[in-house]
Amino acid sequence: MRNITVFRHAISITAITCILLVAGHDLASASAPVIFSSTNGEVVQTAALRDEINQFLKKELAAHLADIKSLDQPPDKVLGARTTGEYTWGTFMRSVAVYSELSGERTIAGRDVARTVGQIGLIEYNLKSARFSQLYAVQALRHFGRDLNTNPVWQGLSEDEKASWRKFLDISSFYDAKKGKVINLADNYLGVAARIASISYQLGILQDRALLDNVIDKAAEQFTKGSLFADDNPSTGRFDRYSNEYARFVWDAAQAADRQDIQQALRPTLIIQMKLWWDLILPDGYGYSWGRSMGIVSYEDTMEIVGFLAQNPEFRPAPLSDLASAYAKAWRWLRNDYRNDSHLLAVFAFGFGSYAYISPDREWQQTASFFGKTASSQMGLMPVLEREHITQFSAEIPRHDVARFQFFRKGDRPSGVWVVRQGPLFFTLPIVTGTKPGVADYLPAPSGLTGIAAPVEQVIPSMVPFIELGDGRVIVAGDCADQIEPGGDGRSLKAVWKRWAVIGSKSGQTIDPKITSEVTWHIDGTTLVREETLRAAADTAIKRWWVAVPTTFSRASERIENGLRVDRFDSNDSSVEVSATSNDLKLIPTIVATGDSKLGQGARGYIPFHLLYEVSNLNLKANRPVQWRLALKELSQK
């Protein structure tokens, strides 16, 4: 229960000030974009962006390859970063291969790229790697040509080595064709299996057409049965960025396999998912702001999605020039995050969090993934910009105001996301199921709101209260909802929970504690208001009720205004004011400095403070409602 009670142990404000001084700058604005040129307004020159990215890839991939002295015994580290994590060598193999196709270079840092790819494939085979390692391997092979008779990677292998490659690319290592299921994995891996099989079939490595059709049919099943979004853990309701990626993966597999029936079935989901992604995207190019992804992944998603949309114009939610602005913004953030001295992304920098599967063993893999996704996106986008005569575009992402709710599913346990962009007020509020109950990344709370962020993969009441019952169970109004009622104008949202998630239980499992939570969010100018009413069917003893507001801003102050405490958090260019009121609860506020703890690790940077409200020994009386109100007011200092 350590995650539940961690707020009982605050550190001092002075300690956090020292940490910020060491950091050396205001972390909330650390990734400000750089304008490439200014003519008739701030614009990006297409050729300049293309050359900058290509030159970066050329230089950095050469630095990484040069540090690998031999592949006979793969090094445990490259440029000081560990290479022993899952997917690592396969990721790097694909990166050098796609860059080789992009640039036409067959030698990098004095190394024959085709031979290097062949060797790394054998390393992954000997490691018994699977899933994404297999996908990256078969993609790497295809980057050198679809005809294996002339493919330099394949032709450089001995017959025994070719046999090893064939075994390596066998999807039965994680896909059970008889059951039509991936083995102990989330459903998005069906898309991975479909892509491996479709490319293998293109190359002639896989010759079993029935197996190919089987895995593509299974991968597309949620969409062919009428769903517009993919639940990553059916039927719990886990909807996040993987739904978009999954649809793209299945589309690519169907396209490679000439399954036009599947492509036709996917068109509705890709149209609506791309519209949602475009509505979600933040001004700096960040896409999905909730779920189990670290910050760099969402920026890489933006680049990949724009590359995909360049190649598939029927799904574009905006003109390609506008999409290119998002591409440039995402690139700029990633480039700013890249450390020139170490030749690595700042994956484990102070204040940056990631899900547990991104271990230190995968530090090099994450940087290699950045190279590969960037090179692939370049191949998708840049020729189309040239073909459509887009020589320059806005340095800022052209955006229109939006306020709407997108249902992911309706019925017994509805799910969806509220998307708001109203002047300076910009946030998304998902009502979905997380990887585990109470994990902050998936709670029904505003994501992307200026100055507000959830610590990565932490079970804390991030703007959604936790309730400790008399028997010790801790419950939270999450894991989808019982009822969702969007406001007609998109500026309000109501949700009701009668079945609650239990902290420490399995994802998607709920109980009925005979307590109903009715929550209404509404927008009042630049203020987002959350009002909650609790009703108990019988007298209920509550040991503890508590909720936290985590902020990325580095300065904190408070004042009393008409008897109400208002907490203010500031950065260099904006501020947010937070207040909580209740006639029924005696809310005790505390500012907690996170220090160098996981509570301060956000997907896009440091979270210095949590504002905590707490109530102890609360007695809910039958049919006597208890209400409280939280207000978040955004202030601009510009």
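The values are calculated or read from the model by the stated rules, or taken from the named source; none is laboratory data. Since the model is a prediction, treat every value here as computed from it, not as a measurement. Here the Cβ positions follow ideal geometry from the backbone for every residue, glycine too, while neighbour counts run over all protein chains shown.
To keep it simple, each residue is scored yes or no on (1) assigned to a helix (DSSP H, G or I); (2) over 18 Å from M303 (Cβ atoms); (3) at pLDDT 95 or above; (4) not charged (D, E, K, R).
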position	(1), (2), (3), (4)
A328	yes, no, yes, yes
W333	yes, no, yes, yes
N336	yes, no, yes, yes
D341	no, yes, yes, no
V347	no, no, no, yes
T367	yes, no, yes, yes
F371	yes, no, yes, yes
Q378	yes, no, yes, yes
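Do we find that F466 is at pLDDT below 95 and out of contact with any Asp or Glu (no Cβ under 7 Å at 6 or more places or on another chain) in this structure?
no
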Scanning region 254-305 for residues that are outside any helix (DSSP H, G or I), out of contact with any Pro (no Cβ under 9 Å at 6 or more places or on another chain) and acidic (D, E) gives D258
Only one of (1) closer than 21 Å to L630 by Cβ; (2) in contact (Cβ under 8 Å) with a residue 40 or more places away in the chain; (3) crowded, with 20+ Cβ neighbours inside 10 Å does not apply to E531, and that is (3)
Among residues of region 328-361 being in contact with a helix residue (DSSP H, G or I) (Cβ under 6 Å, 6 or more places away or on another chain) and free of Cβ contacts under 8 Å to residues at least 60 places away in the same chain, the residue surrounded by the most Cβ atoms within 10 Å (Cβ to Cβ) is A330
| query | Looking at region 254-272, is at least one residue of a type in the set (D, E, K, R) and more than 18 Å from A193 (Cα to Cα)? | reply | yes
Residue count, region 219-232, condition surrounded by fewer than 24 Cβ atoms within 10 Å (Cβ to Cβ), part of a helix (DSSP H, G or I) and either within 22 Å of the chain's Cα centre (by Cα) or among the hydrophobic types (A, V, I, L, M, F, W, C) (or both), comes to 2
For region 565-580, pairs from a residue that is in contact (Cβ under 8 Å) with a residue 12 or more places away in the chain and within 14 Å of L611 (Cβ to Cβ) to a residue that is polar (S, T, N, Q) and not in a strand (DSSP E or B), with Cβ under 7 Å and 6 or more apart or across chains, are S575/Q637; V576/T450
* Inspect region 617-636 for any residue being surrounded by 15 or more Cβ atoms within 10 Å (Cβ to Cβ) and small (G, A, S) and give the result as yes or no. => yes
Being part of a loop (DSSP other than H, G, I, E, B) and either touching a residue at least 12 places away in the same chain (Cβ under 8 Å) or outside the structural domain of G434 (by TED's automatic domain parsing) (or both) narrows I216, I205, I196 down to just I205
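Please go through region 466-486 and pick out each residue that is surrounded by fewer than 17 Cβ atoms within 10 Å (Cβ to Cβ) and more than 13 Å from I431 (Cβ to Cβ).
G470, D471, G472, R473, listed by residue number.
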Scanning region 77-99 residue by residue, those crowded, with 24+ Cβ neighbours inside 10 Å and not β-branched (V, I, T) turn out to be A81, W89, G90, F92, M93, R94, S95, A97, Y99
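Can you tell me which residue among L127, L148 is modelled with pLDDT of 95 or more and touching a helix residue (DSSP H, G or I) at 6+ places or on another chain (Cβ under 6 Å)? Walk me through how you get there before you give the answer.
Values: L127 fails: touching a helix residue (DSSP H, G or I) at 6+ places or on another chain (Cβ under 6 Å).
Of L127, L148, the one residue that is modelled with pLDDT of 95 or more and touching a helix residue (DSSP H, G or I) at 6+ places or on another chain (Cβ under 6 Å) is L148.
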